[in-house]
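Single-structure report; data block below.
The values are calculated or read from the model by the stated rules, or taken from the named source; none is laboratory data. Please read all numbers here as calculations on a predicted model, not as lab measurements. Cβ: placed from backbone, ideal geometry, glycine included. Neighbour counts: every protein chain shown. Calculation scope for accessible area: heavy atoms of the full protein, side chains included, ligands and nucleic acids excluded. Shrake-Rupley method; radii C 1.70, N 1.55, O 1.52, S 1.80 Å.
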Amino acid sequence: MRNTHETGSGTGEAPVRFDTKIAVLLRDDLESWQRLNVTAFLVSGLGTAVPEVIGEPYADADSTAYLPMLRQPVLVFEGAKETLTAAHTKALSRSLATAVFTSDLFATGNDRDNRAAVRAVGRDALDLVGLAVYGPRNAVDKVLKGARMHS
């Protein structure tokens, strides 16, 4: 995996442009609470697998410390079930860092059962409701072909 390259100073002098992209693709038939929940779960996996996506810790003017967050924007897209299936196939074929959320995970209550629910289904039969991908901008753009920005 390539390292994230940031251009610009980040101090307002010039816009920061990353040569990588973080994107979440959600199935378009999810309820609002499901969209939020799925997005949070999906992006949580990136920092552990791809540590360069995590920025420096935050602090306010009183020196109160806060946790670091992703250092670049997360773009959220939506699409039909078929769009997610195609994106999943493309992401894996391009060896992009990928996280999945399946419909089965709405019925589980803990991490062990979540992993077991995914493991019980073959890759091509996963009932995907969400997908997060990270990688070079152009590769992620190709994975998301057919998806639209979440509104």
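Overview of values
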read-out	value
222 nm mean residue ellipticity, helices alone, for the chain (DSSP H n ≥ 4; -39,500 (n - 2.57); rounded to 500)	-8500 deg cm²/dmol
Region 50-122 - accessible surface per residue (Å², probe 1.4 Å)	62
Cβ-placed point charges (K, R +1; D, E -1), dipole of region 25-99 about Cα centre in debye, nearest 20	380
Full-stretch length increase - residue 65, residue 17 - with 0.36 nm per residue and alpha-carbon distance subtracted	14.6 nm
Percentage, to the nearest whole number, of Cα pairs in region 59-140 over 21 Å apart	43
Dipole magnitude of the chain, debye to nearest 20 (Cβ charges: Lys/Arg +1, Asp/Glu -1, about Cα centre)	640
Estimated FRET transfer efficiency when R0 is 22 angstrom, pair residue 33-residue 89 (beta carbons, to 0.05)	0.20
Heavy-atom accessible surface of the chain: percent carbon and sulfur, 1.4 Å	53
Span from the region 71-96 Cα centroid across to the region 105-151 one, whole angstrom	7
Projected label distance in nm at residue 118 and residue 54, using a 7 Å step from Cα toward the beta-carbon	1.8
Relative counts (whole %) of C-alpha pair distances in region 70-116, using bins that are 5 Å wide	5, 15, 20, 20, 22, 16, 2
Label assignment, Rg and Dmax of the Cα atoms in Å derived from the structure, set (i) 16.4, 51; (ii) 17.4, 64; (iii) 17.7, 55	(i)
